[in-house]
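The values are calculated or read from the model by the stated rules, or taken from the named source; none is laboratory data. Everything quoted here is computed from the prediction, not taken from an experiment. All Cβ positions, glycine included, derive from the backbone under ideal geometry; neighbour counts span all protein chains shown.
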Amino acid sequence: MKVSSPVGTFPFTFDKIRLHGSRITVHGHMGAWPSEIEVGLEDVPKAAWLALGAAALVAALAISRRRRA
């Protein structure tokens, strides 16, 4: 996984995932820095819409390629 930021693009490596009540915390490293990502239930709808949009884009591209062939 890569993380893009104003100071550059860095690899993110996962070390562990923990569940704290209704929140998930992913511990890892972004480049040389220890970091963590915390996701809660309020983040799921936003992430689900983004994933659905990406899936729709991929499907549209696949259909477009098939029609050209």
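When you look at D43, is it at pLDDT below 85, surrounded by 11 or more Cβ atoms within 10 Å (Cβ to Cβ) and out of contact with any Lys or Arg (no Cβ under 7 Å at 6 or more places or on another chain), yes or no? Can you show your working first?
Numbers: at pLDDT below 85: yes; surrounded by 11 or more Cβ atoms within 10 Å (Cβ to Cβ): yes; out of contact with any Lys or Arg (no Cβ under 7 Å at 6 or more places or on another chain): yes.
For D43, the condition - at pLDDT below 85, surrounded by 11 or more Cβ atoms within 10 Å (Cβ to Cβ) and out of contact with any Lys or Arg (no Cβ under 7 Å at 6 or more places or on another chain) - is met.
Sub-6 Å Cβ pairs linking a first residue in region 27-41 that is in a strand (DSSP E or B) to a second residue that is among the charged types (D, E, K, R), at least 6 apart or interchain, are H27/D15; H27/K16; H27/E36; G28/D15; E38/R23, ordered by first then second residue.
Out of the residues in region 24-37 that are of a type outside the set (G, A, S) and in contact with an Asp or Glu (Cβ under 6 Å, 6 or more places away or on another chain), which is farthest from S4 (Cα to Cα)? Outline the logic, then answer.
Of all residues in region 24-37, those of a type outside the set (G, A, S) come to 24-27, 29-30, 33-34, 36-37.
From the residues that got through so far, the ones that are in contact with an Asp or Glu (Cβ under 6 Å, 6 or more places away or on another chain) too are 25, 27.
Working: T25: 20, H27: 18 Å.
Here the residue is T25.
Number of residues in region 1-37 that are of a type outside the set (A, V, I, L, M, F, W, C) and within 12 Å of the chain's Cα centre (by Cα) equals 2. Of the residues in region 2-9, at least one is in a strand (DSSP E or B), in contact with a strand residue (DSSP E or B) (Cβ under 6 Å, 6 or more places away or on another chain) and of a type in the set (S, T, N, Q). Scanning region 38-57 for residues that are among the acidic types (D, E) and over 13 Å from the mean Cα position of the chain (by Cα) yields a single hit, E42.
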